[in-house]
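What follows is a single structure, written as structure tokens, with notes after it.
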Amino acid sequence: MRLSAVRRVAQKEILESVRDRNFLVNVVFLPIFLFPLMGFGVMQVMQIQSGASSRDIAELAIDRGTPAAVEDSLRAAEQLRLVPPPSSFDGTPDGFRAWREAEGADALLTWTTGERDTARLWFDGSRERSERARDDVAAAVDEWRLDREKSELVAVGLSESDLEPFTIESEDLASARQRGQEILAAVLPLFLMMMLATGSYYAALDTVVGERERGTWETILVSPLARAEILVGKYVFVVASSLTSLVLNLLSMAIFLSFVLRMLGDDLGEKIQLTLPWSAGLIVVGVALVAALFYAAVVMLLASTARTHREGQAVLGPVYLLSMLPGIVTAMSQDPFTMKQAVVPLLNVATLFKSVLGGEMPLGPILVTIAVLVAATLIVLRLASRAAARDDLFVGRQISLKELLKS
Amino acid sequence: MSARIGSFVRKEIREIVRDRRAIILSFVMPILVYPVMFSLMSSTERKSEEKVQQEVHRVAVTGAPEVRDALADLERVEFVSLPADPKKAIADGDLEAWVEAPDTLVREGDEAPVVRIWHHVSHDKSRNAEERLQEALARAAERVKDARYQAAGGHGSLGDLVTLVTVDVATKEETAGAEAGRLVPYLLVMTLFIGAAAVSTDIVAGEKERGTLETLYLVPVPREVIARAKFFVVWGATIITGTLNLASMAWCYRSGLMGDASVDVSALSPAGLGLAVLLIVPLAAVVAGIMLGLSALARNVKEAQLQLMPVMLLAIIPGMLASGQAVKLSPVTALWPIANVALAVRDGLLGQMSLPLLGLVFVASVGWGFLVTRWTAGILSREDTILGFSPEPLFAHTTGGRRRATMLALAATVLAFFYVGGLLQTWKLLLGLGLSLWVVLPLLGAASLRFAGSGGRLADVLSLRAPRPLALLGAVLLALGVGVPLFFGVMKLQGTFLPMPENFMGDFGGELGDAGKPLMLFLIAISPGICEELVFRGVFLGLLRRVGTVRSAVLISSAGFALIHLSVFRFAPTFLLGLVMAGIVVRTRSIFPSMLFHAVYNASVMLVIGEGLLEPSPLTWGGSVAVFLAGVLLVRSAAARSGEGGGRFSPTGEESRRAP
Amino acid sequence: MTERIRVQDLAKTFLGAKGEEIRAVNGVSFACREGEVFGLLGLNGAGKTTTLRMLSTVLTPTAGTALVNGHDIASDPQAVRESIGFLSGTTGLYPRLTAEETLRFFGEFHGLEGDRLNSAVERVLETFGIAKYRTQRCEKLSTGMKQKVNIGRAVVHDPPVLILDEPTSGLDVLAAATTLEFVESCRAEGKCVLFSTHIMSEVERLCDRVAIIHEGSVRASGTMAELRERTGQKYPEEVFRAVVGNVE
């Protein structure tokens, strides 16, 4: 295999794709503009919801037994309006429901006094407004109880200060930077996996299937290049495009995140700092590169079984979705990064990202991850080169994956 | 005729059915994806919860024995002696937490003794330990308090002086409905789009690619019939995907794969699901129409997918409005496309169904579907879309081409300004604001002018003409008069159906507040007055007037101006301001009065209304309206004197380019 | 003999990259009669395809009129499409439909039903010898078979006028021969065939009359003999070159 030939093939691919509007939109435009735009749209939706929610006043009825102090603090609650209690209430859920239907109220508080008081709140847990009323009532009742406790303490000769024998303070040893890393570790792995997949997906489709569809596959095959050279040249291109999309996405995500942090207020900036130590950054980039190599190999192998773009998508679509799963699993699990994960391709990448971004870098699993990925890449590439040598691919017959693996 | 539509529909269906991969991709996959994804997610979650349940936390406790005793009965805690450097041990993960209590809990002075829990949020175990210790210490505090109370002669515990008993009357169906209502409406909208995209790409762009669309259009039936047949097929397929996905989601909820494990979601109400199916029908028409129309504009499958993706991703955002219960289904929201169905499905799952509103949602959706379908039918009978060539390059030097180029430049300016400006302001707020107004925006304007301009003198395009003094005076009066109606009229009115979240405007002013008045005036009043005017009332209004009517130019440039303010709450007011300013430019034929207007208006908002110095009263209302009307009269008379009463503006040499 | 196609000053303009007008067809006129094969000769890009697409009503003309089987292409496009069979290199077949289904659907699209549809489909299957492959999907057929199905698709409704746009381009010898035989049989049945090509041997073999179209307008028309006489050339290629001038 001649490197100059490989380079030339890769150059041709890159030139072609840079001139392709569709490709540019997918790899450049979407990450830079669409995702921030979507994030922005989602923020607008959240603001509309929060605006609507500030107007959403719950109606609460309290019966006459309720202490005046509780009533006052409920009256002062911002999103609560007190309404007259039902004239007759039988104390059953159905009774409450019937009254609610008639009056349109959200919750009902009854109060029985005695040596020990009992407050009973009727509400509907499936309605947000009613739940909010419950929270307000619970706060008011707590407040009243504290007052009672104080007077009880004073009555037995203790002081008000005995109400709180000690205060509990939680001291977080994590720095603003580590807190930032925590956020990155939660958000980035899934995102990184998605971007690796997206970049190689389009490039592979275009360079393998697109070429066949445009009828240029034959043209390049009859050139005096070895098939392996063509294959590796295309492979280099797929890896490059996957990394490009990754980098652009990270940039746009970083910008968007800092934008959001600023919108949320400045004091947050002191508590959370979105930076990575160099070592972690290097490991993530390095592993992302290896993962891109593996990913590109898999996607190219799969793409070579298809004749048309549509077929290619039918093959790659499910794989694309499935490759999100390790990212999802990792985001939800608290497992540390061990050898167990390191031997499973893709799962190891996602777990590694999470662990390293969170500030933990276990050397063994990291090395195993890289080794596993490299080995898997070589195997897949071998399969792909065998596939490229097949004549039925040359004539554009669609072959099944099983057939390909058997060869 | 209906028989012919029938045979067209049958042909399309047969083709789709024969395409096994498309069926797998668009019907089977999504249905399988939910169960797989959700079962995986919930099993991972359950596993990690179990793990937390079994975690043994290493905790060091120092200080008062009461605290140590109170924590002693905690299970799964290994009490260790304090390491030499406890903070380092915690940071290194050798210790989960250190409870540091004072030597005695006896109070000295006013301050209560403080018990500290040292931990590290980056370590999951440490975080979990901290949560448990918080709870245990709070209980311990209660116990210490009760012990003191009883020692002093009190009876029983203080904690149960009052017991709050909550009775949740929600039925199983309602609880399940509330839980499902958070996610299902949104997912439903998404799956409808995915299903419609898969089928519509094949049925139009795919046919074009295979070269069969031309064959089909040779058949002696009106083109609308073919368009209608294709629409029916996509619609039907979308309904089927939606219903199947709904069934799959319902099954996920019923079998406990989806949703909060603590909520019994096995009881989703059949009525709610039925309603959802019913509403899928009109919504599918809207979605199918959009996807079909866009797909028809593409020349091949690849292009179609490219066009569909961004639209799809942005179009499903309204569906998220239904993720909470705050946004209600009202006569207003019932009219919004896509969002109305999401809200109605949410209410249906909750068991809250108001028939008139549902009727309105249904009618509105049918109406939107009808509009979209007409647009689609129009596209599908155009010869360029059938043959798959563009009759005219996108940005040709024709009126249409220039119009498209200008619109694209406007969109790009808004996006780039949002992006670069946001970036600069995150870096350094004041400098960033200055740079984005004085560097980024002018650069974008210049680039737009280069890209979309069609010649003509720069001064003509930008309306750089000396204004009459009267026009300047009128602009000042308008700016002073418009504040009260805008703030206490328009914004208030908007607030009734689009309430602003609290502290929405607050944080921005707060941050800038440190800057000092002169700098603020420069950044908030003078700079926008010059830079934003040059770009929106100069470049875009100027360019748009050359490719269309003055009215559309005013409307579109104002919409662009409103969009750079980047908030759904500021859109209406800034749009109205844009209209006023564009009106000033059109009437006075000069950009300087609108610059003055912009600067004076922003300054007045900052110095008077923003400071709360003006309250709405009949006097301020009357005064404002009078000043505003005086401004209108002045600007009009200035226009009349310069001989341009009508406002239709045609520089020489450009007239012939305008479409007749 | 009745006139089946009458084209009068037909023109079509597209817009170019700089907004300039590109006249693809610039005032073409000719007429074809029943029982006649009329050839439209020209280089690639001469305007043949655009003219034929206008006659098949897929494109609307910018100027001029044309009558096909007595129907105006602008005011009554549907009646025009009812009376023509159109075949070109770009009228594809549905890969996932079988040969018989293709014929059946297109029969239905033309309004055939019941027995009439059945007999039309059977007739086509038999005439073109594709009965054996009736249940095969079009994607599986050989090029020749595909061409036969495509021709069958175009004539299943037995139209009086056939418009063929370079029907033999890209076909192998046998498939091309099938097409040419089909054209001859049409003439024998008294149909009017409008036929565009740039292959001179086909012209010699089939065309009763020809029009040579170049840069969007008709440069000469008549029988081959007339054209030979007018140009003084013997071989059709030479005749063609003499008419369009030396274009390189």
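The values are calculated or read from the model by the stated rules, or taken from the named source; none is laboratory data. Because the structure is predicted, anything quoted here is derived from the model rather than measured. A quick note on method: Cβ atoms are made from the backbone with ideal geometry, for glycine too, and the neighbour counts reach across all protein chains shown.
Quick look at the numbers
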read-out: Segments classed as strands (runs of 3 or more DSSP E), wholly inside region C:1-115, with at least 1 members that are farther than 29 Å from residue B:9 by Cβ, at the interface with chain B (Cβ under 9 Å from one of its Cβ atoms) and without any contact (Cβ under 8 Å) to a residue 12 or more places away in the chain; value: C:3-15
read-out: So residue B:574, is it hydroxyl-bearing (Ser, Thr, Tyr), at pLDDT 80 or above and farther than 15 Å from residue B:536 by Cα; value: no
read-out: Residue match in region B:180-192 (condition: within 9 Å of another protein chain (Cβ to nearest Cβ), touching a helix residue (DSSP H, G or I) at 6+ places or on another chain (Cβ under 9 Å) and not hydroxyl-bearing (Ser, Thr, Tyr)); value: yes
read-out: Condition broken by residue C:133, with the remaining ones in (1) within 15 Å of the chain's Cα centre (by Cα); (2) at negative phi; (3) more than 14 Å from chain B (Cβ to nearest Cβ) satisfied; value: (1)
read-out: Only one of C:59, C:141, C:67 that is over 22 Å from the mean Cα position of the chain (by Cα) and of a type in the set (A, V, I, L, M, F, W, C); value: C:141
read-out: Selection from region A:100-137 of residues that are more than 8 Å from chain B (Cβ to nearest Cβ), of a type in the set (Asp, Glu) and either farther than 18 Å from residue A:89 by Cβ or more than 44 Å from the chain's Cα centre (by Cα) (or both); value: A:115, A:131, A:135, A:136
read-out: Count of residues meeting criterion [touching a Pro at 6+ places or on another chain (Cβ under 9 Å), within 11 Å of chain B (Cβ to nearest Cβ) and surrounded by 21 or more Cβ atoms within 10 Å (Cβ to Cβ)] in region A:313-343; value: 2
read-out: Candidates A:53, A:73 - the one that is within 7 Å of chain B (Cβ to nearest Cβ) and surrounded by 16 or more Cβ atoms within 10 Å (Cβ to Cβ); value: A:53
read-out: Residue B:132 more than 7 Å from chain A (Cβ to nearest Cβ), part of a helix (DSSP H, G or I) and over 30 Å from residue A:330 (Cα atoms); value: no
read-out: Tabulated pairs, region B:42-62, first within 12 Å of chain A (Cβ to nearest Cβ), second surrounded by fewer than 17 Cβ atoms within 10 Å (Cβ to Cβ) and among the small types (Gly, Ala, Ser), C-beta under 9 angstrom, 6+ apart or interchain; value: B:42/B:256; B:42/B:261; B:45/B:261; B:46/B:261; B:49/B:261
read-out: Helices (runs of 4 or more DSSP H) contained entirely in region B:328-433, each with at least 2 residues that are more than 14 Å from chain C (Cβ to nearest Cβ) and either modelled with pLDDT under 80 or surrounded by fewer than 21 Cβ atoms within 10 Å (Cβ to Cβ) (or both); value: B:355-380, B:399-416, B:422-427
read-out: Identity of the residue in region B:76-92, more than 8 Å from chain A (Cβ to nearest Cβ) and touching a His at 6+ places or on another chain (Cβ under 8 Å), that ends up surrounded by the most Cβ atoms within 10 Å (Cβ to Cβ); value: B:77
read-out: Extreme residue, farthest from residue A:161 (Cα to Cα), among residues of region B:135-154 that are of a type in the set (A, V, I, L, M, F, W, C) and more than 7 Å from every other protein chain (Cβ to nearest Cβ); value: B:136
read-out: Number of the condition not met by residue C:39 [criteria: (1) at pLDDT below 90; (2) touching a helix residue (DSSP H, G or I) at 6+ places or on another chain (Cβ under 7 Å)]; value: (1)
read-out: Per-region count, region C:116-137, residues among the small types (Gly, Ala, Ser), in a helix (DSSP H, G or I) and closer than 15 Å to residue C:148 by Cβ; value: 1
read-out: Close pairs (7 angstrom Cβ cut-off, 6 or more residues apart or separate chains): within 8 Å of another protein chain (Cβ to nearest Cβ) and outside any helix (DSSP H, G or I) in region B:206-233, surrounded by fewer than 21 Cβ atoms within 10 Å (Cβ to Cβ) and modelled with pLDDT of 85 or more anywhere; value: B:220/C:82
read-out: Region B:99-118, subset touching a Leu at 6+ places or on another chain (Cβ under 7 Å) and outside any loop (DSSP other than H, G, I, E, B), residue farthest from the other protein chains (Cβ to nearest Cβ); value: B:99
read-out: Residue satisfying all of: in region B:545-596; among the hydroxyl-bearing types (Ser, Thr, Tyr) and part of a helix (DSSP H, G or I); farthest from the chain's Cα centre (by Cα) among these; value: B:588
